[in-house]
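Before any comments, here is the structure.
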Amino acid sequence: MEGITSEQINKKFGKTFQEYRLKKNLTQEKLAEELSKSTKTISQLETAKDGTSKRTDIDLMNFLGITPNILYKDFITNKEVKQKIELSEKIENLSPEKIEALLKIVDVFKEL
């Protein structure tokens, strides 16, 4: 991926992890404890002083409730992928019942 640096990715991920941690009213210490990481590690991730491993990214996403498109959308240039991200963002705040209904509608469209 030309033009995108590891530093930019680390900053975006760190900012997002911090934002979601704060939404859950968690301290860095509590998050570190929950993920069996050190507080220093969480601090370094949030301030982009250190990148994350894929395993840590997945652990943070699962624990904090972050979908992949939230982390990656700023770096995607493929138009079709961007449209899929836009669609997923539009349904993000729907109730589970409405999402289930929408999935059924999508299944019908796939059969057309």
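The values are calculated or read from the model by the stated rules, or taken from the named source; none is laboratory data. No experiment lies behind these values; they were computed from the predicted model shown. Neighbour counts are summed over all protein chains in view; Cβ atoms, including those assigned to glycine, are modelled from backbone coordinates with ideal geometry.
Residues are listed down the side, and each one gets a yes or a no for (1) outside the structural domain of K37 (by TED's automatic domain parsing); (2) touching a residue at least 40 places away in the same chain (Cβ under 8 Å); (3) not small (G, A, S):
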residue: S53; (1), (2), (3): no, no, no
residue: D59; (1), (2), (3): no, no, yes
residue: N62; (1), (2), (3): no, no, yes
residue: I66; (1), (2), (3): no, yes, yes
residue: I70; (1), (2), (3): no, yes, yes
residue: K84; (1), (2), (3): yes, no, yes
residue: E89; (1), (2), (3): yes, no, yes
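Taken as a whole, the structure leaves E33 outside the set of residues that are farther than 23 Å from E89 by Cα and in contact (Cβ under 8 Å) with a residue 24 or more places away in the chain. Residues that are at negative phi, assigned to a loop (DSSP other than H, G, I, E, B), buried (at least 16 other Cβ atoms within 10 Å of the Cβ) and at pLDDT 95 or above do not occur anywhere in the range 37-55. Taking the criterion of being in a helix (DSSP H, G or I) and within 19 Å of the chain's Cα centre (by Cα), the residues of the range 64-79 that qualify are L64, P68, N69, I70, L71, Y72, K73, D74, F75. Tell me, please, whether a residue that is acidic (D, E) and closer than 15 Å to Q8 by Cβ can be found in the range 63-79. Yes, there is a match, as at least one residue in the range 63-79 is acidic (D, E) and closer than 15 Å to Q8 by Cβ.
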